[in-house]
Amino acid sequence: MPSAAILLADGTEEMEFTITYDTLVRAGVACNSAYVLDPTDTGTLRNYATCSRGVRIMYDAVFQAEQFGPYAYDALIIPGGAKGADTMSKNPAVQSLVRQFLKEDKIVGMICAGSLTALTSKLDRQPLTSHPSVKAQLENDFVYSEDPVVVSNKLITSRGPGTTFLFALQLVESLCGVAKKEEVRAPMVFPDS
């Protein structure tokens, strides 16, 4: 059974996290969420992340790179949400993990402002997309596209909350194949076009 580590931080975009997580689970992908701490937060550690619209999501574990490496998971997913994406993209352990996953030919998914992690991880110039609000930060270092989902070898990127189902279904296809993607898509009544 394929597996995915999905990162989560305070300020993560709820839809991008939950739709991706739920769609992968429907495909039989074993998912675990990892809470990435904001280094400026000196408060008491809670057992949930407060997302960008105030929804609280309980996480499975606090992020530690050695627990969530490519030896343990087939995919690493980085959702957006301005504050959450900022926390994740600036985390050196997350940056290192992104490079490790791609080096081991594992899937890395980034959506919305989460695509900034491609920049901070110093990935090679390649096609990608992001939320329009961070396009200017990415378009000089990557082959920027405004397609809803961009696949560049094992790097899969997408634009924002409205493209999350397409992003999640592409992750299912990449992890489990086209037949499984169709098996998941149909009962969700997601349009096949």
Exercise. If the Cβ limit is 6 Å and pairs must be 6+ apart or interchain, which residue in segment 25-47 that is basic (Lys, Arg) pairs with which residue that is surrounded by 13 or more Cβ atoms within 10 Å (Cβ to Cβ)?
Worked result: ARG26/VAL184
Problem set entry | Selection from segment 69-94 of residues that are crowded, with 17+ Cβ neighbours inside 10 Å and more than 22 Å from SER158 (Cα to Cα) | GLY69
Seminar exercise, completed: The residue that is surrounded by the fewest Cβ atoms within 10 Å (Cβ to Cβ), considering only those in segment 1-17 that are hydrophobic (A, V, I, L, M, F, W, C) and assigned to a loop (DSSP other than H, G, I, E, B), is MET1
Exercise. Of all helices (runs of 4 or more DSSP H) completely enclosed by segment 98-193, which ones contain at least 3 residues that are surrounded by fewer than 21 Cβ atoms within 10 Å (Cβ to Cβ)?
Worked result: 135-138, 164-176, 178-188
For this session: Could you tell me whether any residue of segment 18-33 is farther than 28 Å from LYS180 by Cα and surrounded by fewer than 21 Cβ atoms within 10 Å (Cβ to Cβ)?
Result: no
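Since every read-out is calculated from the coordinates, none of them should be taken as a lab result. Predicted, not measured: the structure shown is a model, and the values here were computed from it. For neighbour counting, all protein chains shown are included, and Cβ atoms are generated from backbone atoms with ideal geometry for every residue, glycine included.
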